[in-house]
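Structure first, commentary second.
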Amino acid sequence: MREITSRPSENFETGLYPQIGLFIGGKWIYGRESWSIVRNPSTGNTIGAVPKATTEDLQHALEAADAGFRIWRDTSPHERSRTILKATDIIRSRAKEIAKVLTLEQGKTLAAAEGEILRSCQFYDWEAGQALRSYGWTLPGEPTLQKRILRQPIGPVLAFTPWNVPMSAFARKTSAALAAGCSIIVKPAEETPGTAVELVKCFEEAGLPPGVLNLVLGDPAEISSTLIASPLSRLVTLTGSTGVGKHLTELAARAMTPVLMELGGHAPVIIDAGVDAELVGKLAAEAKIRASGQICASVSRFIVHESVYRPFAESFAAALDNVRVGDGFDAQSQMGPVANDRRLAAATAMVENSVRSGAKVAAGGKRIGERGFYFEPTLLADVPLDADIMAFEPFNPIAGCVSVPDIETALKVANSVHLGLVGYAFTHDLANAERIQRELEVGALSINHFDTPGADTPFGGVKDSGMGREGGPTSLDAYLVQKTVLQNTGVLRA
């Protein structure tokens with residue numbers, strides 16, 4: 001029986017958490033009525049309050065972003081790059097302190113929080129370079145006719161970021177927008193506003209012009225409907241659930257505004273015959289507990305060849321049983337709590353559904369204690385394909401495991417859902433590896449490891465997992481528009 005006996009984060013609840021405000025036009029705005037509260041997932045205690053932007057605040061943010069865009073688009077790429085890198089240096093210097101805020105409001109371990117911050121700095125490094133690489137084209141033409149394709153910033157961007165990776169998603173959006181020459185209004189999740197506040201402070205100190213980066217909080221429905229409907233908004237980007245993504249895309253379509261969507265996943269892991277099943281089981285446990293399974297790239301559906309199924313499941317379950325679950329500030333913790341009581345209830349319901357369907361609980365399966373939002377890392381074995389765990393993204397530390405006779409069946413099971421963000425495969429068969437690359441319906445695929453794309457590689461999904469790509473050589477495409485210029489250089493005579 002697991003117990004949570006130490007909650008060192010409680011020592012930081014008073015004094016460490018920042019005051020949450022709006023940041024519009026280069027100024028912090030406080031004193032608005034409270035929209036919601038922020039809780040420490042480890043204790044359930046209230047640690048902050050989220051202000052509600054007024055209708056006037058939202059209009060002010062739009063106007064500030066429009067004014068900021070006119071300044072930033074005419075700022076040279078070299079100067080934009082220098083400002084981004086200056087802010088990134090500040091972020092790195094404060095990584096340990098910002099990590100404490102992130103852990104306090106999100107729950108992941110302090111090491112994981114600091115890792116997210118440092119990884120996010122790589123996004124800024126990459127996009128600062130991309131600012132200098134957004135080339136246009138000159139086309140062949142007649143001697144007196146120049147044909148040029150210019151790439152120009154699209155305009156003010158609206159970004160909506162989630163609670164599970166409050167630093168990483170914020171960095172993805174702001175790094176590309178700022179590198180391209182766009183201004184941006186960010187609406188972070190109300191569960192994790194403190195990380196966003198700390199990040200904005202770094203750009204404020206770096207000298208980013210007023211209005212280029214704005215932060216709003218409050219009623220999500222009012223914010224999205226008001227900002228997206230405005231003709232001042234030129235791009236909508238979200239990292240979040242498929243349901244929210246479809247809703248924002250509908251709002252954007254009414255305004256003829258393009259979107260960039262990185263949405264939910266339900267990552268399949270195909271494990272072929274002939275692999276070291278015990279080793280892969282241990283690696284699977286390490287991957288499953290990252291951020292308590294609350295990331296879109298989290299491993300969730302293990303589709304295992306029948307010849308290695310039992311040793312894999314036994315190794316996976318044993319490794320999960322040995323995971324140290326605890327407060328993110330406890331150096332001994334390997335996995336923290338889930339983010340809130342909703343995720344806790346969803347985890348319990350998913351296990352109950354799977355058991356009713358005929359699955360076996362090979363590891364975990366229960367809430368830990370009565371205080372805070374802790375759930376055991378869980379493996380469900382011999383899962384029927386109609387169980388919820390096989391159809392819906394768990395977004396918690398739960399994985400399902402099924403046995404299959406061949407690679408064809410594995411691919412059929414893997415492709416049976418409407419999501420396709422990330423997939424994984426373990427195989428020593430080159431022909432099977434090539435077939436998985438061709439046929440697995442995902443936007444990113446990792447073979448024989450559990451890493452995911454970084455700043456220099458594109459990331460995004462297919463099917464209901466979104467549209468567009470973030471990162472990599474094409475990272476600025478969504479934030480730029482092409483303008484064709486045909487210039488007659490001949491002498492015009494009356």
It is to be established whether one or more residues within segment 431-440 are among the charged types (D, E, K, R), modelled with pLDDT of 95 or more, more than 25 Å from residue 464 (Cβ to Cβ) and in a strand (DSSP E or B).
no
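Here's the yes/no breakdown for (1) part of a helix (DSSP H, G or I); (2) out of contact with any Ser or Thr (no Cβ under 8 Å at 6 or more places or on another chain); (3) among the basic types (Lys, Arg); (4) closer than 27 Å to residue 275 by Cα:
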{"site": "311", "(1), (2), (3), (4)": "yes, yes, no, yes"}
{"site": "315", "(1), (2), (3), (4)": "yes, yes, no, yes"}
{"site": "320", "(1), (2), (3), (4)": "yes, no, no, yes"}
{"site": "329", "(1), (2), (3), (4)": "no, no, no, no"}
{"site": "342", "(1), (2), (3), (4)": "yes, yes, yes, no"}
{"site": "356", "(1), (2), (3), (4)": "yes, yes, yes, no"}
{"site": "361", "(1), (2), (3), (4)": "no, no, no, yes"}
{"site": "371", "(1), (2), (3), (4)": "no, no, yes, no"}
{"site": "380", "(1), (2), (3), (4)": "no, no, no, yes"}
Could we say that residue 122 is out of contact with any helix residue (DSSP H, G or I) (no Cβ under 6 Å at 6 or more places or on another chain) and in the same structural domain as residue 227 (by TED's automatic domain parsing) here?
yes
May I ask you to list the residues in segment 402-440 that are buried (at least 23 other Cβ atoms within 10 Å of the Cβ) and small (Gly, Ala, Ser)?
410, 414, 420, 423, 425
Is there any pair with a first residue in segment 16-38 that is basic (Lys, Arg) and a second that is in a strand (DSSP E or B) whose Cβ atoms are under 8 Å apart and which are 6 or more apart or on different chains, and what are they?
32/22; 32/51
Under 8 Å between Cβ atoms, at least 6 apart or on separate chains: pull out the pairs that start in segment 470-490 with a residue that is assigned by TED's automatic domain parsing to the domain that holds residue 155 and in a helix (DSSP H, G or I) and end on any residue that is among the β-branched types (Val, Ile, Thr) and at pLDDT 95 or above.
478/154; 478/237; 479/154; 479/157
Condition first: in a helix (DSSP H, G or I) and either surrounded by 16 or more Cβ atoms within 10 Å (Cβ to Cβ) or in contact (Cβ under 8 Å) with a residue 12 or more places away in the chain (or both). Can you find one or more residues in segment 48-56 that meet it?
yes
Would you say residue 62 is under 19 Å from residue 174 (Cα atoms), part of a helix (DSSP H, G or I) and assigned by TED's automatic domain parsing to the domain that holds residue 476?
yes
How many of the residues making up segment 115-134 are of a type in the set (Gly, Ala, Ser) and closer than 13 Å to residue 474 by Cα?
3
Segment 9-37, subset in contact with a Gly (Cβ under 8 Å, 6 or more places away or on another chain) and more than 29 Å from residue 207 (Cβ to Cβ), residue surrounded by the most Cβ atoms within 10 Å (Cβ to Cβ)
9
Quick test of your reading of the structure: residue 482 fulfils all but one of (1) within 22 Å of residue 291 (Cβ to Cβ); (2) surrounded by fewer than 22 Cβ atoms within 10 Å (Cβ to Cβ); (3) not aliphatic (A, V, I, L, M). Name the failing condition by number.
(1)
Unique residue being closer than 28 Å to residue 337 by Cα and either surrounded by fewer than 16 Cβ atoms within 10 Å (Cβ to Cβ) or touching a strand residue (DSSP E or B) at 6+ places or on another chain (Cβ under 8 Å) (or both) when the list is 461, 471, 490, 443:
461
Which one of these does residue 300 not meet: (1) closer than 23 Å to residue 112 by Cα; (2) assigned to a helix (DSSP H, G or I); (3) small (Gly, Ala, Ser)?
(2)
Considering segment 93-114 alone, what residues qualify as being assigned to a helix (DSSP H, G or I), crowded, with 17+ Cβ neighbours inside 10 Å and either among the charged types (D, E, K, R) or free of Cβ contacts under 8 Å to residues at least 40 places away in the same chain (or both)?
95, 99, 100, 105, 114
Matching residues in segment 76-85 - criterion: being crowded, with 17+ Cβ neighbours inside 10 Å and under 18 Å from residue 210 (Cβ atoms):
80, 83, 84
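Examine segment 405-420 for a residue that is β-branched (Val, Ile, Thr) and within 16 Å of residue 313 (Cα to Cα), and state whether such a residue exists.
Looking for residues that are β-branched (Val, Ile, Thr) and within 16 Å of residue 313 (Cα to Cα), one finds none in segment 405-420, hence no.
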Quickly run through segment 17-33 and pick out the residues that are modelled with pLDDT under 95 and either under 18 Å from residue 188 (Cβ atoms) or aromatic (Phe, Trp, Tyr) (or both).
none
Return the pair list, or none, for Cβ contacts closer than 6 Å from residues in segment 169-195 that are surrounded by fewer than 24 Cβ atoms within 10 Å (Cβ to Cβ) to residues that are of a type in the set (Ser, Thr, Tyr) and at pLDDT 95 or above, at least 6 apart or on different chains.
190/36
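The values are calculated or read from the model by the stated rules, or taken from the named source; none is laboratory data. The model shown is predicted, which means the values in this text are computed figures rather than measured ones. Every residue, glycine among them, receives a Cβ derived from its backbone with ideal geometry; neighbour counts consider all protein chains shown.
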